[in-house]
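A short write-up of the structure that comes next.
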Amino acid sequence: MTAPVLASTRAELADLLAPARRSGEQIAFVPTMGALHAGHASLMATARARTTGPVVVSIFVNPTQFAPGEDLDRYPRTLADDLLICEKEGVDIVFAPAVEEVYPGGAGAGPLDDSVTIDPGQLGRVLEGVSRPTHFAGVLTVVAKLFGLIRPDLAVFGQKDYQQLALIRRMVSDLCLGVEVIGAETVREPDGLALSSRNRFLDAEQRLQALALHDTLQAARQAAPWGLEVAMDSARAELRSAHGVDLDYLVITGPDLGPPPEAGEARVLIAARVGTTRLIDNLPVTLGTSVGKASTGTSGGDLTDK
Ligand code: PAF
């Protein structure tokens with residue numbers, strides 16, 4: 001195993017990537033905010049398997065995707081441990097820039113300043129976008145910047161942040177960015193909890209309570225063959241038996257986060273607060289033909305929210 005080379009400036013990154021560009025090697029990219037865990041390692045493994053050229057991982061806690069009062073300051077920063085994980089996964093280059101390197105014009109936490117940014121459109125205003133209205137503008141803007149700096153052939157994102165993945169696919173398609181976007185499956189603890197950098201904020205009791213998210217999604221998945229209504233009822237029943245979980249949304253949508261199909265492939269998504277930690281998760285579901293009343297809801301299916 002060879003340790004990845006660390007670049008902290010745009011110039012260093014450009015120098016490191018120059019040989020691969022000259023020889024036409026495929027560049028694979030995994031954007032992260034650090035605090036790496038097995039979920040990130042699987043994204044890196046996916047990237048590593050896809051190219052004999054360089055795998056680049058960025059580690060950058062992007063201030064513009066956090067609104068004031070969100071957890072920017074308490075977001076874990078663990079660079080030394082992160083580099084070990086990158087080394088184990090055969091990453092060649094780690095790009096860990098300072099904020100000024102990515103936002104030379106400045107980037108206060110929260111709403112973006114007056115520079116050109118990416119508007120995520122309607123898809124950025126539903127689900128996560130309701131409680132985090134500036135979040136996806138920050139995510140898409142930093143990903144577009146990183147794509148511009150790295151110019152990857154392919155980039156790997158986790159399905160756990162499903163709305164983010166959908167929006168990045170839309171950005172790449174709508175803005176003709178020419179990057180292949182790969183959505184890697186969510187990595188889970190043996191009991192089903194989706195791996196997340198935020199899980200470290202859960203105490204032992206909250207860690208148990210957080211299982212309700214996966215159990216709720218599973219209940220929807222298992223009931224999905226009986227149709228949308230039954231799937232939602234089953235998920236709600238599961239959630240009613242949960243403790244310490246403050247639901248934000250529970251929804252079944254189409255795979256593109258549009259309205260769910262009458263029958264066929266769909267997605268069930270949940271967001272909830274456990275203690276002070278906001279968690280999200282989702283699963284694919286296959287809807288059977290609905291029994292009972294027709295579906296209701298406003299943004300792609302039958303919604304349960306606070
Ligand atoms: O998913 C994340 O970790 C971040 O949103 C991303 C894509 C690295 C952008 O900051």
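Odds and ends about this structure:
- Pick from the range 32-55, criterion open to solvent by less than 30 Å² (accessible area, probe 1.4 Å) and closer than 20 Å to Gly148 by Cβ, ranking: farthest from the ligand (Cβ to nearest atom): Gly53
- Taken as a whole, the range 153-160 holds at least one residue that is more than 13 Å from the ligand (Cβ to nearest atom) and either more than 14 Å from the chain's Cα centre (by Cα) or without any contact (Cβ under 8 Å) to a residue 24 or more places away in the chain (or both).
- Evaluated against (1) acidic (Asp, Glu); (2) farther than 21 Å from Val130 by Cα; (3) modelled with pLDDT under 95, Asp302 falls short on exactly one condition, (2).
- Against the test of being more than 16 Å from the ligand (Cβ to nearest atom), at positive phi and out of contact with any Leu (no Cβ under 7 Å at 6 or more places or on another chain), the options Gly192, Gly227, Gly178 yield a single qualifying residue, Gly178.
- Across the range 161-174, the qualifying residues are those that are within 12 Å of the ligand (Cβ to nearest atom) and hydrophobic (A, V, I, L, M, F, W, C), and the one among them that is surrounded by the fewest Cβ atoms within 10 Å (Cβ to Cβ) is Leu165.
- Considering only residues in the range 9-31 that are more than 16 Å from the ligand (Cβ to nearest atom) and of a type in the set (Val, Ile, Thr), the one that is surrounded by the fewest Cβ atoms within 10 Å (Cβ to Cβ) turns out to be Thr9.
The values are calculated or read from the model by the stated rules, or taken from the named source; none is laboratory data. Since the model is a prediction, treat every value here as computed from it, not as a measurement. Every residue, glycine as well, gets a Cβ built from its backbone with ideal geometry; the counts of neighbours run over all protein chains shown. Areas reflect the complete protein model, heavy atoms only, side chains present, ligands, DNA and RNA absent. Shrake-Rupley method; radii C 1.70, N 1.55, O 1.52, S 1.80 Å.
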